[in-house]
Every structure is written in structure tokens, then in C-alpha cells.
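Novice: Quick one: structure below, then a few questions.
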Amino acid sequence: MRRLASIVFLSLALLPLAGQSRTIADLFASEPGNIFALLTRTNRLDMVDYYNSGQAVSIENNLAGDSELLELDSAYLKLRASEGKVVELLMMTAGRNDTVIAVIQTVKTPVPDSRISFWNPQWQLYVKPSTFFKMPGIENFITGKMPREMRADLSDAMIFPLIELTFTGERHDVLKATHGLERFLASQEYQRFAPYLKPSISYRVNGVKIKPIK
């Protein structure tokens, strides 16, 4: 019976999506493989099925590793895609017909590092993510009091930013950005910069926009 239910669910998920989709589970099932290349549609349906029945079950993915659905509601999904990668989906809506899917992919390098992208319900990528959210850089975590020379030292030490993103809050309507400097830099070096750094920045999901919380 569970397999029959999965087949029915898949058939519905593959129907043309117009306007606002039903749930994030539908979008998870219909994603063509650009994000969930390691999981077949049947894998994904099984994961949703197990989760909704209260079972914490890992699914073997296409690389013979384990994937597990960690959180799921009507608009938000969090998945451990592999040992070193977590994916979050959030269905953002404005009005009745405007739906945008925010996708956060976080990898352990070993310091967590995230990338965010935005898609329509047909899983076509928006090529200008800044339309919805401006990704912060390390400079956004610096307070105005940091001396200019120290800013230059920090820029030299941080060759590329390591910033973790995650959706938080009861409705997952807050995006939290956290820098990885404490884990990336040597302890003594980090302590030089720590008094001048915000530990995190929070943003509010407002319709299909993600804006800083003042």
C-alpha cells in the first residue's frame, strides 16, 4: 500500500505546476536532478512517506551513501543529502500566484559554507539571486569600529568567505547567516578580530524577498 501511495503521489507531483505549488514535498518530488542528483524521484517519495509516518529512515543514494529527511512541513524541507552536505528548501510566496523556491546548499569544508539559489516552481533557475537576497560577505560582519589596518589584515587572512546560511524560526521565516572565522583562523589570530565582529546576521523572509532585520 505504501508503494501504491508513493506512485500516486509521484503522478500528482509531476503534473504541470502553475502559480503557487501545493507543498514543498511536491517540489522536492518534481525537482529534475540539478539539486538532488543523488536521489531518484522514488527515493524522495519514500523519504517523504517515511517522515510523514514518523519514521527516521536513511535512504541509500546513488553514491551508496546515506541521505535522510530531517525536517518537513508544507513550505520547508531540510535534507542531509550526504555525509558532508545539507540542503534546505523554502517555498516563498507573495499573493496568490507568485512563488519562489529558495535553495540553501551547505557543505562542510570542514567549516560549513553555504550557497543560496532561487528557482521558480518549474525548477528554472533565476540568474540574478540578488533580486531576492544579497549574500553577505565577511565585510558585513565587521563593526564600524575595526581599525583600517586590521580590516586589511582580515581581508588577507580570509582568502574566500565561509558563511553558513540556515532558515530558522517557527515558520522558518528568518534566515541566519553565520561566519566561520572562529573555526577557520588560528585561535590567537581570531581573538584579534573577535571584538569587532558580529557573530551572525539575521534576515526576514518577506514575501519573495529576504531582507536584513534592523
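Novice: Of 143, 122, 61, which is farthest along the charge dipole of the chain in the positive direction, counting Lys and Arg as +1 and Asp and Glu as -1 at C-beta?
Specialist: Value: 143.
Novice: While we're here: Could you run the Karplus curve 6.51 cos²θ - 1.76 cosθ + 1.60 with θ = phi - 60° over region 90-97 and give me ³J(HN,Hα) per residue in whole Hz, x for Gly and Pro?
Specialist: Here the 3J(HN,Hα) series is 10, 8, 9, 10, 9, x, 8, 10 Hz.
Novice: Could I ask something else about it? Using θ = phi - 60° and the Karplus curve 6.51 cos²θ - 1.76 cosθ + 1.60, what whole-Hz ³J(HN,Hα) does each residue of region 30-39 get, with Gly and Pro shown as x?
Specialist: 8, 4, x, x, 6, 9, 10, 5, 8, 10
Novice: Restricting to lysines 8 or more places apart or on different chains, can you count the pairs in region 2-212 with Cα atoms under 19 Å from each other?
Specialist: 16
Novice: Also: When the Karplus curve 6.51 cos²θ - 1.76 cosθ + 1.60 is applied with θ = phi - 60°, which whole-Hz ³J(HN,Hα) does each residue of region 53-65 get, with x for Gly and Pro?
Specialist: Coupling constants for region 53-65: 8, x, 9, 8, 10, 8, 10, 6, 8, 6, 9, 6, x Hz.
Novice: Still on this model: Give me the number: length gained by fully extending residue 146 to residue 64, i.e. 0.36 nm times residue separation minus the C-alpha to C-alpha distance, one decimal in nm. Working shown, then result.
Specialist: Working: separation 82, 0.36 × 82 = 29.52 nm, distance 4.77 nm.
Gain on stretching residue 146 to residue 64: 24.7 nm.
Novice: Moving on to the next point. What size of dipole, in debye to the nearest 20, comes out for the chain about its Cα centre when the only charges are +1 on Lys and Arg C-beta atoms and -1 on Asp and Glu C-beta atoms?
Specialist: Numbers: 25 positive and 22 negative charges, 139 e Å.
It comes to approximately 660 debye.
Novice: Using the count of nearby Cβ atoms within 10 Å as a rough guide to exposure, how do 150, 91 rank from fewest to most? Don't jump to the answer; show the numbers that get you there.
Specialist: Working: 150 14, 91 23.
Listing 150, 91 from fewest to most nearby Cβ atoms yields 150, 91.
Novice: Residues with amide H under 5 Å of residue 66's amide H, sequence separation 5 or more or different chain, H placed in the peptide plane at 1.01 Å from N; which?
Specialist: So residue 66 has HN proximity to 61, 83.
Novice: Given only helices, namely DSSP H runs of n ≥ 4 each adding -39500 (n - 2.57), what is the per-residue ellipticity at 222 nm of the chain, to the nearest 500 deg cm²/dmol?
Specialist: Details: 6 runs with 52 residues, N = 214.
It comes out at -7000 deg cm²/dmol, rounded to the nearest 500.
Novice: What number, in percent, do you get for the relative contact order of the chain if the mean sequence gap of Cα pairs under 8 Å and at least 6 apart is divided by its residue count? Each step should come with its number before you reach the end.
Specialist: On the way: 349 pairs, mean separation 31.2, N = 214.
RCO, the chain: 15 percent.
Novice: How large is log10 I(q)/I(0) at q = 0.11, 0.12, 0.17, 0.19 Å⁻¹ when the Debye formula is applied to the Cα atoms of region 2-212, each weighted equally and without solvent?
Specialist: Each listed q maps to, in turn, -0.59, -0.69, -1.17, -1.36.
Each value in this text was obtained by applying a stated rule to the coordinates, not by laboratory testing. Quick caveat: nothing in here was measured; it's all calculated off a predicted structure. Cβ coordinates were reconstructed from backbone atoms using ideal geometry, including for glycine residues, and neighbour counts include every protein chain displayed.
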